[in-house]
Amino acid sequence: MLYNFLKKIIRRKNIPEVEVVSEVVKDDFIGFVDELNCSYVCGWVCNQALPQDRLVCEAVLSSAGEVLISSIANKLHYETIKSIGDTSCCYAFFIKFPRILNSAEQKEVFIRVKNTEYTVPFAPNLKTDFQPFLHMAMDIVNNCNLRCPFCLYDYSSTKKTFFMDDDTINAALRFLPFLPDGDFWFSCLHEPTLHPQLIDYLAKVPEEYRKKIFFTTNLAKKLPDSFLNGSLTQGCITLMFLLNR
Ligand code: SF4
């Protein structure tokens, strides 16, 4: 109502609308940034005084004032915003950055509605990880030193053991930042302790990513105490037991 009243005054005084509307309707904006990571930002925003409008959002780097890219907030959001605006839920924006941001830049980004001073606030549960993969599964060998009767793998045609090489493990470990905790399956089908470089390969995993690693072992092979006591394997091993009667 206040907005319409001011709008009439503006018209009467012949003041150019475009310069003052942003100041007048700022309190009518509502929205949140749901996700912000090195690759993209997304969320939703609506001007409740003009629900038919779709707002243009700018991704801005605060220190340089650089507008990285802009996009219109007209995409379908979840039903959770059904009570907002025209009830269509079509107030979402998804902005892919023109480059992968470094961590310092990522902390600087904010979303501004174009031609206004309105900054879309971050949601309380803002998601900041860029994890496009659900999980990754690999094995560093193709064999096992046991032949359990319940094994789901048929080893009858496995005549030779092959070992993953350095180039392959290095390439695979590049996926670590993009996976949830516990979902980088380092070894899931065969027996990783057969690999002579298992400990070296585990040591390649940066400490902050150790909790992302998961692997199974039967522990049938004698291993140094450090294997179980050290930080390399804490929290990432699942043991397999075969009970003989
Ligand atoms: S230890 Fe696991 S992989 Fe090896 S034979 Fe037994 S069930 Fe299969």
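Read-outs throughout are calculated quantities, based only on the coordinates presented, and are distinct from any laboratory measurement. As the structure is a prediction and not an experimental result, all values here were calculated from the model. Glycine also receives a Cβ, built like all others from the backbone with ideal geometry; neighbour counts cover every protein chain displayed.
Give me the residue from region 135-189 that is of a type in the set (Gly, Ala, Ser), within 16 Å of the ligand (Cβ to nearest atom) and without any contact (Cβ under 8 Å) to a residue 12 or more places away in the chain and, out of that set, surrounded by the most Cβ atoms within 10 Å (Cβ to Cβ).
Selected residue: Ser156.
I'd like the residue in region 62-86 that is surrounded by fewer than 11 Cβ atoms within 10 Å (Cβ to Cβ) and polar (S, T, N, Q) and, out of all such residues, is nearest to Thr119 (Cα to Cα).
Across region 62-86, the extreme among qualifying residues is Ser63.
Counting just the residues of region 153-181 that are under 17 Å from Ile199 (Cβ atoms) and among the charged types (D, E, K, R), which one comes out nearest to the chain's Cα centre (by Cα)?
Asp166
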